[in-house]
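The values are calculated or read from the model by the stated rules, or taken from the named source; none is laboratory data. Here the structure is a predicted model, which means the values were calculated and not measured. When we count neighbours, we look across all protein chains shown, and the Cβ atoms used for this are built from the backbone with ideal geometry, even at glycine.
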Amino acid sequence: MLEILAKTRHETTREYVIRVLRYNIENLTLKPGQLVSENELAQSLGVSRTPVREALIELSRTGVVEIYPQKGTFISLIDLSIVEEARFLRCTVEKAIVQLACEMCSEEDLAALEDNLQLQRACVERNDYRRLMSLDNEFHRLMYAACNKEMTYSLIQSVMTHFNRVRLLNLAEMDMQRTVDDHEAILKAVKSRNKDEAVAVVERHLSRVLFDKNYLMQLHPDYFK
């Protein structure tokens, strides 16, 4: 069943539908390869079919859904070539971000990151990988925000759907503690203003998908292109 998010005051209905659909796709509530109905989506979201149709067309332009005339609209399978491009983009930018963070993070910023890590540790204890995914995203957003690069974060997230689905599978099927350990190492490097160490940890952190993808494909062959 579709997970419904609250609509913000400043977003249009079309923007709202895009955000909800992207959220449900990235969280695998809408599964790769799944057929979706405009009518059912509109009914679930309490909107007309027009913004749903517009949202699906927009998502198709970024490879998140696939629209076939006379056949229907399907959630795109995970494309590993897109996953790798997204990983490359994020890794390239975040190596620059952590170097800036070593210079710019205030004590308040560091405290917010530490608070986030405490919540991540609790997720590992509860085996709550979905909540950990949300906190993982927030940890990185806080780092961008500390460097006055929130627009950069938003732009990157707009093309991360394929990568984020693999990240969620990784958290669900692999050891969640690895992710928290990586975040702790990133924060430790930033606190000590050690740029070289921060860059090395980020590269390791964002490269795990390269080593885990074959195992994830064996577990979920129907999810991948």
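Remarks
- Residue within the stretch 34-49 that is more than 27 Å from Val209 (Cβ to Cβ), basic (Lys, Arg), modelled with pLDDT of 95 or more and not assigned by TED's automatic domain parsing to the domain that holds Leu169 present: yes
- All told, Leu216 meets the bar of being crowded, with 19+ Cβ neighbours inside 10 Å, modelled with pLDDT under 95 and in contact with a Leu (Cβ under 8 Å, 6 or more places away or on another chain).
- From the list Asn164, Asn194, Asn170, the one residue that fits, being farther than 19 Å from Arg22 by Cα and either assigned by TED's automatic domain parsing to the domain that holds Leu219 or surrounded by fewer than 22 Cβ atoms within 10 Å (Cβ to Cβ) (or both), is Asn194.
- Of all residues making up the stretch 124-133, the number that are in a helix (DSSP H, G or I) and either within 22 Å of Val190 (Cα to Cα) or acidic (Asp, Glu) (or both): 3
- Residue check, Gln157 within 30 Å of Asn194 (Cβ to Cβ) and at pLDDT below 95: yes
- For the stretch 132-139, the count of residues that are modelled with pLDDT of 95 or more and more than 16 Å from Ala112 (Cβ to Cβ) is nonzero.
- Counting only helices (runs of 4 or more DSSP H) that sit completely within the stretch 1-79, those holding 3 or more residues that are farther than 21 Å from Gln157 by Cβ correspond to 38-45, 49-61.
- Residues within the stretch 175-191 that are surrounded by 18 or more Cβ atoms within 10 Å (Cβ to Cβ) and within 20 Å of Asn27 (Cα to Cα), tallied: 3
- Restricted to helices (runs of 4 or more DSSP H) entirely inside the stretch 134-225, those with at least 2 residues that are in contact (Cβ under 8 Å) with a residue 60 or more places away in the chain are 161-173, 176-191, 195-219.
- Residue in the stretch 107-119 that is closer than 21 Å to Arg22 by Cα, modelled with pLDDT of 95 or more and not basic (Lys, Arg) present: no
- Being in contact (Cβ under 8 Å) with a residue 60 or more places away in the chain, of a type outside the set (A, V, I, L, M) and closer than 21 Å to Arg22 by Cβ holds for only one residue in Glu85, Glu94, Glu103, and it is Glu94.
- Looking across the stretch 83-126, the residues that are under 16 Å from the mean Cα position of the chain (by Cα) and exposed (fewer than 15 other Cβ atoms within 10 Å of the Cβ) come down to Glu85, Phe88.
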